[in-house]
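The values are calculated or read from the model by the stated rules, or taken from the named source; none is laboratory data. On a predicted model such as this, the values are computed, not experimentally measured, just so you know. As a convention, Cβ positions derive from the backbone with ideal geometry for all residues, glycine included, and neighbour counts pool all protein chains shown. Side chains are part of the model used for accessible areas, which takes the heavy atoms of the whole protein and leaves out ligands, DNA and RNA. Shrake-Rupley method; radii C 1.70, N 1.55, O 1.52, S 1.80 Å.
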Amino acid sequence: MLILGIETSCDETAGSVAEGLTLQGGVKILSSITATSAGIHARTGGVIPEAASRKQIEAIIPVIDLALKEAKLSSGQIDTLAVTSGPGLIGSLLVGVETAKTLAFLWKKAIIPVNHLVGHIYANWLIKELKDRKTKKPKNSSGFLVQSSSFPQFPALALVVSGGHTDLVLMKDHGNLEWIGGTRDDAAGEAFDKTARLLGLPYPGGPNLSKIADDYIKKHPLEKLNLFPRPMVHEDNFDWSFSGLKTAVLNEVKKASGNDSAHVKLSDYEKFFVSGKSKSEIPKLAAEIQEAIVDSLIKKSVKAIIKYKPKSFLLAGGVAANTRLREKFQKQVAAENIHIDFRAPVPPLCTDNAAYIAACAYYNYKPVDWKKITANPELTITSEL
Ligand code: KG4
Ligand code: ZN
């Protein structure tokens, strides 16, 4: 089955043609095109929704056109459309949803609406174009050669960590998700982005902070990194709180720069200039921040693995690209003698793209008439579509 996926929930405009093989065989990426307005948001230090949606309008048709061209297919050969219907920024979502509806009407196709958060998880069912060098056989999105057991097994536990959401869900089957925990305030990606901004690092903060942090850890492998608290880790739930980290980091930045006057509030951080003196502290602070976020995520995930005993553990969302999170999770489960099938998509498939939207649509095949599709920025990971 050939699916044209469309994703426009934030500042990326993505189109992908993907082929669902069999329920056991994964979804092969035939093309995956992503345009981003991140460059514009870098100038303001964060996404301006109005600017993001204007860029979506400019990019959507060329992106879809290119996705079809790269897959060497015409619109008539596509079986169905799939589009992110939420959550996300309303202006951005509307561009994808209305475009999908128009194309569905013109091409006489159905549409499968996809929840963006559930979509992220399906990056774990994608088959990369990349072939194994020796055998020339295709690999799945974790880089394993495609064979019968190369996709996640149910029940699976999925940690979805993106810029706006942090959710832990138990997946009993496709379309059967139970939410077991999440953030009470900021998302993990938001914690990376906002603290990176406090350190004067460019947008998007997560990958930039993580690069500096990883370099620091390489140079200081034995250093204990426990400057910042790991809130709620000892509580008997699967929830997180990341909002306190911003204030804790701001206090350290003030101290390091010698400018700890009370009038520098968190809300003023865009005006707060990191002085030359504090610049030398940035790598250590970046490593401390990353460690606090990563430790908190791992602690509750491992606790949930012990309680629910899933067969697979799946990382998903932009923060799943974080190397320290991937490596430390594997070390932690090994140290606790837990045997679990661990999956994390290759980094480019963790961040927003339309290939996982198509994969999610394939495994949750509920085509809808175009008239019945609406954008909903408020969807949660377990919302009915
Ligand atoms: O899933 P995503 O691409 O978009 C949303 O749905 O939000 O996630 C974007 C988030 C941003 O907060 C970004 O800083 C974070 O993922 N991110 C990372 C890394 N790569 C992306 N955070 C930490 N380390 C990374 N390597
Ligand atoms: Zn996302």
Name the most mobile residue of 23, 117, 177, meaning the one with the largest mean-square fluctuation, in a Gaussian network model of the chain with Cα contacts below 10 Å. 23
Rounded to the nearest 10, the angle in degrees between the Cα long axis of helix 49-70 and the longest principal axis of the Cα atoms of the chain comes to 50
Backbone N within the range 20-39 under 17 Å of label point (7 Å from residue 72 Cα along the Cβ vector): 28-32
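Among 211/307; 309/366; 224/331, which pairs are too far apart, with a Cα-Cα distance over 25 Å? List each step's numbers first, then the result.
Numbers: 211/307 33 Å; 309/366 30 Å; 224/331 16 Å.
As for pairs spanning more than 25 Å Cα to Cα, those are 211/307; 309/366.
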Listed residues 199, 81, 21; largest mean-square fluctuation, Gaussian network over the chain with Cα springs below 10 Å, found at 21
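How do 1, 232, 171 rank by accessible surface area computed with a 1.4 Å probe, from largest to smallest? Don't skip to the end; give the middle numbers.
Numbers: 1 75, 232 30, 171 0 Å².
Solvent-accessible surface, decreasing: 1, 232, 171.
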Percent relative contact order for the range 158-210, counting Cα pairs under 8 Å at least six residues apart, stands at 28
Helix 188-198: inclination vs the chain longest Cα principal axis, degrees, rounded to 10, gives 50
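Give me the number: length gained by fully extending residue 38 to residue 61, i.e. 0.36 nm times residue separation minus the C-alpha to C-alpha distance, one decimal in nm.
Taking residue 38 through residue 61 to full extension adds about 6.4 nm, to one decimal.
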Whole-Hz Karplus couplings 3J(HN,Hα) for the range 292-306, θ = phi - 60° and coefficients 6.51, -1.76, 1.60, Gly and Pro as x, run 5, 5, 4, 4, 4, 4, 5, 3, 6, 5, 5, 4, 5, 5, 5
Residue 110 to residue 330: FRET efficiency via 1/(1 + (r/R0)^6), r the Cβ-Cβ distance, R0 30 Å, to the nearest 0.05? 0.15
Let me cross-check residue 105: its accessible surface, 1.4 Å probe, with only protein heavy atoms counted, in Å² to the nearest 10? 130
Whole-Hz couplings from phi, Karplus 6.51/-1.76/1.60, listed for the range 175-181; x for Gly and Pro: x, 10, 10, 10, 6, 10, x
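Report the relative contact order of the chain, percent, no decimals, based on alpha-carbon pairs under 8 angstrom and at least 6 residues apart. Intermediate results must be reported in sequence, preceding the final value.
Values: 825 pairs, mean separation 96.5, N = 385.
Value for the chain: 25 percent.
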Can you list the residues, at least 5 places off or on another chain, whose amide H is less than 5 Å from the amide H of residue 240, using H built in the peptide plane? 182, 183, 184
With every protein chain kept in the model, how would you rank 116, 234 by accessible area, 1.4 Å probe, largest at the top? 234, 116
Order by protection proxy (mean Cβ within 10 Å, highest first), peptides 244-251, 153-160: 153-160, 244-251
If you average the sequence gap of Cα pairs under 8 Å that are 6 or more apart and divide by the length of the range 21-70, what percent do you get for the contact order? 48
With label points set 7 Å from each Cα along the Cα-to-Cβ direction at residue 366 and residue 154, the distance between them in nm comes to 1.4
Karplus couplings for the range 110-124 from phi (6.51 cos²θ - 1.76 cosθ + 1.60, θ = phi - 60°), rounded to Hz, Gly and Pro as x? 8, 10, 10, x, 10, 6, 3, 6, 5, x, 3, 4, 6, 4, 6
In a Gaussian network model over the chain where Cα atoms closer than 10 Å are linked, find which of 22, 195, 84 has the largest mean-square fluctuation. 22
Which one of 92, 57, 47 has its Cα pushed farthest toward the positive end of the charge dipole of the range 40-104, where Lys and Arg give +1 and Asp and Glu give -1 at the Cβ? 47
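Compute, for the chain, the length of the dipole vector about the Cα centre, with Cβ point charges of +1 (Lys, Arg) and -1 (Asp, Glu) only. Units Debye, rounded to 20.
Details: 47 positive and 40 negative charges, 206 e Å.
That gives a dipole near 980 debye.
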How many nm is it between the label spots at residue 280 and residue 222, if each spot is 7 Å from the Cα in line with the beta carbon? 2.3
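Calculated from DSSP H runs of 4 or more alone, at -39500 (n - 2.57) each and per residue, what is the 222 nm mean residue ellipticity of the chain, nearest 500? Walk me through the numbers before you get to the answer.
Values: 12 runs with 151 residues, N = 385.
Only helices count here, giving -12500 deg cm²/dmol.
Please list 120, 339 from largest to smallest accessible area, probe radius 1.4 Å, with all protein chains kept in place. Display every interim value, and only then the final one.
On the way: 120 0, 339 160 Å².
Per-residue accessible area, sorted high to low, gives 339, 120.
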